[in-house]
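**Q** One structure follows; several queries about it will come next.
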Amino acid sequence: MVTQYSLYIANKNYSSWSLRPWILMRELGIPFEEKTATFDSDFNWDAFRKFSPAGKVPCLHDGTSVVWDSLAITEFLADRHEGVWPTDPLAKIWARCAAAEMHSGFGALRQTCPMHVGLRIKMAETTAEFRRDIARLNELWTEGLDRFGGPFLAGAEFTAVDAFFAPVVFRTQTYGIALNEKAGAYAQHVLSTSAMRHWEAEALKESWREASHEEAALAAGQQLADYRIKN
């Protein structure tokens, strides 16, 4: 299928939502033009509204079609490309449920550990809500790996459910989040994919800094390292 996709994303260092469709399309070999709108001191909602009705990223353009939510983008692509969801019916419904749970849940994890690819942080004392999110994360990842054989959550191939948890994989690295053996091995496997390595390398090269994102990450604990290239 001939496509003319343009994918609007924000800073690779910060934008967890942007990573989802970006890594899905890269891993599945779906070609697209990457367009970056940055979160920085000049961030302006009206500027984002020029390409996204919600004024948010990610946003996918395909000719006259505009899709402005990561889950909606996933379903839009699934209607046009093979491999977005698993082919096995049981794996497919599990993957959809897990992706939807990530899309709407894990609020304490998101709030406590905002995505920041470049930093390494030793976390301060956490809340009961955060610990419940991490327990559920371990449980969910282990369930998928056990049921469908790995090395990805719904089987042998990278699918949308892995894309939805890719930002969490970066968070486990940044904040040293404790995972069980199987979940930890999964996180390392995802980090080793070519798409994740590329995203990380590009994130570390970014010159943009946005104060609220920096402060939110540092609120989680003590900074141990900053691997971003100094500009």
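Each value in this text was obtained by applying a stated rule to the coordinates, not by laboratory testing. All values derive from a computational prediction rather than experimental measurement. Backbone-built Cβ (ideal geometry, glycine too); neighbour counts: all protein chains shown.
**Q** Count of lysine pairs in the chain with Cα atoms under 17 Å apart, counting only pairs 8 or more residues apart in sequence or on different chains?
**A** Values: K12/K35; K12/K56; K12/K205; K12/K230; K35/K50; K35/K56; K35/K205; K205/K230.
Lysine pair count for the chain: 8.
**Q** About the Cα centre, and with charges only on the beta carbon of Lys, Arg (+1) and Asp, Glu (-1), how big is the dipole of the range 5-78? Nearest 20 debye, please.
**A** Values: 7 positive and 9 negative charges, 12 e Å.
My answer is approximately 60 debye.
**Q** Another one. Let me spell out the model: positive unit charges on the Cβ of Lys and Arg, negative unit charges on the Cβ of Asp and Glu, origin at the Cα centre of the range 106-157. What dipole size does that give, in debye rounded to 20?
**A** With Lys and Arg at +1 and Asp and Glu at -1, about 220 debye.
**Q** If you don't mind, there's one more thing I want to ask. Given the -39500 (n - 2.57) contribution per DSSP H run of 4+ residues, what per-residue ellipticity at 222 nm results for the chain, rounded to the nearest 500 deg cm²/dmol?
**A** -15500 deg cm²/dmol
**Q** Next up: Cβ neighbours within 10 Å, averaged per peptide: list 194-202, 115-123 in order, most packed at the top.
**A** 115-123, 194-202
**Q** Sticking with this structure for a sec: Which shape class, rounded, prolate or oblate, goes with the chain when its Cα gyration tensor gives a ≥ b ≥ c as root eigenvalues, a/c under 1.5 marks rounded, and past that a/b bigger than b/c marks prolate? Mind dumping the intermediate values first?
**A** Working: a/c = 1.68, a/b = 1.03, b/c = 1.64.
Oblate shape, in that a/c is at least 1.5 and b/c is the bigger or equal ratio.
**Q** A follow-up question, please. Take each of the peptides 183-190, 79-86, 165-172, average the number of other beta-carbon atoms within 10 Å over its residues, and list them starting from the highest.
**A** 165-172, 183-190, 79-86
**Q** Taking the chain as a Gaussian network, where each spring joins two C-alpha atoms under 10 Å apart, which residue of N11, N44, N138 fluctuates the most?
**A** N44
**Q** Right, next: Taking the number of other C-beta atoms within 10 Å as the exposure measure, put K12, K230, K35 in order starting with the fewest.
**A** K230, K35, K12
**Q** Let me ask you something else. Magnitude of the Cβ-charge dipole of the chain, K/R +1 and D/E -1, about the Cα centre, nearest 20 debye? Provide the component values of the computation, followed by the final result.
**A** Working: 24 positive and 29 negative charges, 62 e Å.
Using only the charged Cβ atoms, the result is roughly 300 debye.
**Q** Further, regarding this structure: What residue among V117, A98, T38 has its Cα farthest toward the positive end of the dipole of the chain, where the charges are +1 on Lys, Arg and -1 on Asp, Glu, each on the Cβ?
**A** Of the options given, the answer is V117.
**Q** When Lys and Arg each count +1 and Asp and Glu each count -1, what net charge do the other residues less than 11 Å away from G221, Cβ to Cβ, add up to?
**A** On the way: positive: R120, K122; negative: E125.
Here the charged neighbours net out to +1.
**Q** Can I ask one more? Take the alpha carbon gyration tensor of the range 14-59, find the square roots of its eigenvalues, order them as a ≥ b ≥ c, and report rounded if a/c is under 1.5; if not, report prolate when a/b exceeds b/c, else oblate.
**A** Taking the square roots of the gyration eigenvalues as a ≥ b ≥ c, the range 14-59 is prolate.
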